Amino acid sequence: MRRLLRTLLIVATMLLGVLVLSGVALALTKTCTTNPCVGTNGADRLKGTDAKNEIRGLRGADYITGKQRADELYGNRGKDEVRAGNGRDRVFGGRGEDQLYGGAGNDTIMAQDGYRDYINCGRGYDTAHVDRIDRVSQNCEDVRRKGRQHPGGGGDNDDDGVPDAKDNCPNKANHRQSDADNDGKGDACDTTPSQNDSDSDGIPNVDDNCPDVANPGQSDADNDGKGDACDPTPNG
């Protein structure tokens, strides 16, 4: 029996040596306590600590996650999943279709790599540098897409991923297209985002003496409650 166990141990050791010599990567699971913390060419699971971490995957389909501090997390090659922690982290994709997640801090996500990635920014005010082909969640506050030509055709002057022809703020990035007062003008460029302002003159309809004609000065020469801009008899 002992001889059989010894033989099996020798065979296993030899196979392990063959795998290493032939370049086959063995996956690694570890908590990173040194910087930089570098994985193998296998499918690694690399986790940060409460200290500031720099974690780098290599070729495999890696899982990388930060923790408390301002970490730098790199996916590199392969189909990686990279998750920020609670600090102000920098998250990088790489040569593969990655899943990149922000955390609770104000993170920066770098995904301009030519691959179709999925980006979810999480909490905090986050900046995502992405490709046109990437899928970006609605919780990303500042989205900067590579290039200004939208895949569906037409320009995209503010580079927010929405073609100018459909953009309710064509000159100010607002990929969410939020419009609280439903006046057709996005909150990002609306001077009264929570109140209806039909003529976009900065005066809400309820206070505007010419709600359908822009007249920010609200002049009313005859004091009849109707602004001069829309009063057929402005002088009385």
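Scan the stretch 49-75 for residues that are among the hydrophobic types (A, V, I, L, M, F, W, C) and either assigned to a loop (DSSP other than H, G, I, E, B) or open to solvent by 50 Å² or more (accessible area, probe 1.4 Å) (or both) and the total you get is 4.
Kindly check whether there is at least one residue in the stretch 159-166 that is open to solvent by 40 Å² or more (accessible area, probe 1.4 Å) and assigned to a loop (DSSP other than H, G, I, E, B). Show your work before the answer.
Here is the first cut: in the stretch 159-166, the ones open to solvent by 40 Å² or more (accessible area, probe 1.4 Å) are 164-166.
Within this subset, residues satisfying the condition of being assigned to a loop (DSSP other than H, G, I, E, B) are none.
No, because not a single residue in the stretch 159-166 is open to solvent by 40 Å² or more (accessible area, probe 1.4 Å) and assigned to a loop (DSSP other than H, G, I, E, B).
Pairs are defined by a Cβ separation below 7 Å, a sequence spacing of at least 6 or placement on different chains, a first member in the stretch 117-140 that is at positive phi, and a second member that is open to solvent by 20 Å² or more (accessible area, probe 1.4 Å) and polar (S, T, N, Q); the pairs so defined are 122/139; 124/106.
Could you say which residue among 185, 172, 146 is touching a helix residue (DSSP H, G or I) at 6+ places or on another chain (Cβ under 7 Å) and of a type outside the set (A, V, I, L, M)? It would help to see each step written out before you state the result.
Numbers: 185 fails: touching a helix residue (DSSP H, G or I) at 6+ places or on another chain (Cβ under 7 Å); 146 fails: touching a helix residue (DSSP H, G or I) at 6+ places or on another chain (Cβ under 7 Å).
Sole residue among the options that is touching a helix residue (DSSP H, G or I) at 6+ places or on another chain (Cβ under 7 Å) and of a type outside the set (A, V, I, L, M): 172.
Close Cβ contacts (under 7 Å, 6 or more residues apart or on different chains) running from residues in the stretch 164-185 that are touching a residue at least 24 places away in the same chain (Cβ under 8 Å) and closer than 20 Å to residue 136 by Cβ to residues that are open to solvent by less than 50 Å² (accessible area, probe 1.4 Å) and assigned to a loop (DSSP other than H, G, I, E, B) comprise 173/158; 173/159; 173/160; 175/160; 175/161; 175/162. If we keep just the residues of the stretch 205-226 that are open to solvent by 70 Å² or more (accessible area, probe 1.4 Å) and not in a loop (DSSP other than H, G, I, E, B), which is modelled with the highest pLDDT? Step by step, filter the stretch 205-226, then rank; the result is 207. Looking across the stretch 184-199, the residues that are open to solvent by 40 Å² or more (accessible area, probe 1.4 Å) and in a loop (DSSP other than H, G, I, E, B) come down to 184, 185, 191, 193, 194, 195, 196, 198. Of the strands (runs of 3 or more DSSP E) lying entirely inside the stretch 76-146, those carrying at least 1 residues that are aromatic (Phe, Trp, Tyr) and crowded, with 20+ Cβ neighbours inside 10 Å are 90-92, 99-101. Do you know which residues across the stretch 61-79 are more than 17 Å from residue 117 (Cβ to Cβ) and small (Gly, Ala, Ser)? Within the stretch 61-79, 66, 70 qualify. Close Cβ contacts (under 9 Å, 6 or more residues apart or on different chains) running from residues in the stretch 58-84 that are of a type in the set (Ser, Thr, Tyr) to residues that are open to solvent by 40 Å² or more (accessible area, probe 1.4 Å) and assigned to a loop (DSSP other than H, G, I, E, B) comprise 63/43; 74/36.
So, residue 170, is that one of a type outside the set (Asp, Glu), at pLDDT below 80 and either in a loop (DSSP other than H, G, I, E, B) or surrounded by 20 or more Cβ atoms within 10 Å (Cβ to Cβ) (or both) or not?
Against the criterion (of a type outside the set (Asp, Glu), at pLDDT below 80 and either in a loop (DSSP other than H, G, I, E, B) or surrounded by 20 or more Cβ atoms within 10 Å (Cβ to Cβ) (or both)), residue 170 does not qualify.
The values are calculated or read from the model by the stated rules, or taken from the named source; none is laboratory data. On a predicted model such as this, the values are computed, not experimentally measured, just so you know. Note that we place each Cβ from the backbone using ideal geometry, even for glycine, and neighbour counts take in every protein chain shown. In case anyone asks, the SASA skips ligands and DNA or RNA and just uses the protein heavy atoms, side chains included. Shrake-Rupley method; radii C 1.70, N 1.55, O 1.52, S 1.80 Å.
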